[in-house]
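Below: the structure, in structure tokens.
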Amino acid sequence: CSRWEEEKKEDGVKWMQLEHRGPYFVPLYEPLPEDVRFYYDGKPLKLSLATEEIATFYAKMLDHEYTTKEIFQNNFFHDWRKEMTSEEQEIIKDLDKCDFREIHKYFVDKNEARKALPKEEKQKLKEEAEKIQEEYGYCILDGHREKIGNFKTEPPGLFRGRGEHPKMGMLKKRIMPEDVIINCSRDSKIPEPPEGHKWKEVRFDNTVTWLASWTENIQNTLKYIMLNPSSKLKGEKDWQKYEVARRLKDVVHTIRAQYRKDWKSKEIKTRQRAVALYFIDKLALRAGNEKEEGETADTVGCCSLRVEHIQLHAQLDGQEHVVEFDFLGKDSIRYYNKVSVEKPVFRNLWLFMRNKEPSDDLFDQLTTNFLNKHLQHLMDGLTAKVFRTYNASITLQEQLKALTNPEDNVAGKLLSYNRANRAVAILCNHQRSIPKTFARSMQVLQEKIDAKKKQVKEAQEEVKKAEDEFKDTKDAKAEANVEKKKQLLKRLEEQLARLNVQATDKEENKQIALGTSKLNYLDPRISVAWCKKFGIPIERIYNKTQREKFAWAIAMAGEDFEF
């Protein structure tokens, strides 16, 4: 396991040597062929190159739900007009008169043609991609050749955002070398910018782990090129994250006793902190940091909740002291939940809401900073986020213990695993919209189940026929035939059971996103240990990329690992 446990560097220093090629810039725009036209008000209109490129971004998305949303259309049209020539601005004044269908069809056809390429052509494209990966996708870090995560700059396009993001449809500009800061070691071969260009800046900062960075134009946030999750640096950081969460396990009872006591504090500020911490612990809410300027989506976390985001019910659906939450969390995902809380929490909330407007802060005396300072004082390295990791991991471990039946076959055990993972995703509010293909793929599965049922029924009849024949003849050949038919029936019944499990799993999972918690909140050693204990191949839980990311856990965890 030596790679994970090499010599420690002094605090804050992340590497001694870092050498790489810099980012790979996406290819420049290729103009449309002459016969693919844009129409305005029913007439073809030849667009300038920059305007045409942006038109293709919208055209490619015609069959997407986004282009039906008014906010997307308005943002796109506003940004598109800014890039037009003055002549184009004079003509193109109404999005409804723009006809992108021919351009859309061109890209759909191009896509189909690519899918239909002969095998050797596809192989050639694959080899070209691998060559770029070899050249740009690796760096040398302290003598190790490490894989880079995202070595390509993002292509220009229209911003999508998640949830109902108010900036959707805005123009994401092309990243140029002049936008990029390079970070490497002084003595390394400094990456060359593309011909005719220069870097914004070259830095030699070994206290950070990024290789290149730039500011994207929509949210004004910094984007980084980082190492691949499978790299030693990332693996170590991941491992440490879960070790901090495991340390919380030893003190969480003390912390819970402390915040319960604080509900009765003389200071309102302390009470607010204690109630917020109760929510973060019990409901795995995010802390809710203060917003950066320019972030326009109105999303909140625990500390930034407003009075309008909760409703108090002394009684509701047969439960007492119910708090009804309704707000937009990270990525504009709605959090809606009705929770029965302890009486002092309920009373405190009533107190915090008294004489306030709906738009006032619920915890008006509380900042994330104040909360995290307090947490750090309770345990070294503790922040609000650690509670989410801890509660997610402990939930998975407890659910796996409760749900796994050692007698089940592999499919049955995997269903139990996914159910345990679902419990975590629900706790963390990881939702997804029902996939577009859901109904169709469910129908295909149902057809398979019906066909299999028919086969089982036929096989049952075959067994009965063989048994009757054996009763009549009593000869060895007929007896062997009975065995053979029974074996076939057993095999078909197992296949049917597997398909039924698959259908159950699919149905239960249609609105839940399992991936986020699996990659970011669940200690992978819990899953590795479970696989080893029940003889489940790890690749049934983690795909190749995930197995690379969690190599450290696969190497470390035995079947008796306890979080």
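The values are calculated or read from the model by the stated rules, or taken from the named source; none is laboratory data. Predicted model only: the values in this text are computed from it and were never measured. As a convention, Cβ positions derive from the backbone with ideal geometry for all residues, glycine included, and neighbour counts pool all protein chains shown. Heads up: the accessible areas ignore ligands, DNA and RNA and are worked out on the full protein's heavy atoms, side chains in. Shrake-Rupley method; radii C 1.70, N 1.55, O 1.52, S 1.80 Å.
Sequence-distant contacts, meaning Cα pairs under 8 Å at least 6 residues apart, place the relative contact order of the range 351-508 at 20 percent.
Of all lysines in the structure, the ones whose alpha carbon falls short of 24 Å from that of K506, not counting any fewer than 8 places away in one chain, are K401, K413, K436, K448, K452, K453, K454, K518, K544. Between Q258 and N405, the contour length at 0.36 nm per residue exceeds the Cα-Cα span by 49.1 nm.
Here r is the Cβ-Cβ distance between Q443 and E112 and R0 is 25 Å; the resulting FRET efficiency, rounded to 0.05, is 0.55. Extension gain for the segment N369 to K533, taken as residue separation times 0.36 nm less the Cα-Cα distance, is 54.8 nm to one decimal.
Okay, helix-only estimate at 222 nm for the chain: each DSSP H run of n ≥ 4 adds -39500 (n - 2.57), divide by all residues, round to 500 deg cm²/dmol; what do you get? That comes out to -16000 deg cm²/dmol. Using a probe of 1.4 Å on the protein chains alone, the accessible area found for H377 is around 150 Å².
Cross-link reach is defined here as a Cα-Cα straight distance under 21 Å, omitting same-chain residues fewer than 8 places apart; for K119 the lysines meeting it are K110, K131.
Annotation for K282 and Q123: the two label points, set 7 Å from Cα along the Cα-Cβ direction, are 6.3 nm apart.
Normalised by the number of residues in the range 453-531, the average gap of Cα pairs under 8 Å and 6 or more apart makes the relative contact order 28 percent.
The local environment of A129, defined by Cβ-Cβ distances under 12 Å, has a net charge of 0 under the rule Lys, Arg +1 and Asp, Glu -1. Percent antiparallel among DSSP beta bridges with both residues in the range 90-205, to the nearest 5? Around 65 percent of the beta bridges assigned by DSSP in the range 90-205 are antiparallel ones. Rounded to 0.05, the FRET efficiency of the R186 and E130 pair, given R0 = 30 Å and the Cβ-Cβ distance, is 0.45. How high is the FRET efficiency between K266 and M556 when r is their beta carbon distance and R₀ equals 51 Å, given to the nearest 0.05? Result of the calculation: an efficiency of 0.60. For the range 265-384, carbon and sulfur atoms together expose 45% of the accessible surface, with a 1.4 angstrom probe and every protein chain in place.
Here the range 392-556 exposes an accessible surface that is 51 percent carbon and sulfur, computed with a 1.4 Å probe and the other protein chains kept in place.
Highest mean packing comes first when the peptides 366-373, 418-425 are listed by Cβ atoms within 10 Å, giving 418-425, 366-373. With a ≥ b ≥ c taken as the square roots of the eigenvalues of the C-alpha gyration tensor of the range 38-119, please select rounded if a/c is under 1.5 and otherwise prolate if a/b is larger than b/c or oblate if it is not? Prolate. Taking a threshold of 30 Å on the Cα-Cα distance, which of the pairs K241/K266; K69/K241; K234/K338; K82/K200; K152/K532 fall above it? Check vs 30 Å cut-off fails for K241/K266; K69/K241; K234/K338; K152/K532.
For the chain, relative contact order (Cα pairs under 8 Å, six or more residues apart, normalised by length) works out to 12 percent. Helices in the chain that qualify as membrane-span-like (whole DSSP H runs, Cα extent of at least 27 Å along the helix axis, mean Kyte-Doolittle hydropathy of -1.0 or higher) are 384-403. Solvent-accessible surface of the chain, taken per residue with a 1.4 Å probe and all protein chains present: 57 Å². Judged by the mean number of other Cβ atoms found within 10 Å, the most tightly packed of the peptides 379-390, 276-287 leads the ranking 276-287, 379-390. The antiparallel fraction among DSSP beta bridges confined to the chain stands at about 90%. Between E70 and D450, the contour length at 0.36 nm per residue exceeds the alpha carbon distance by 132.5 nm.
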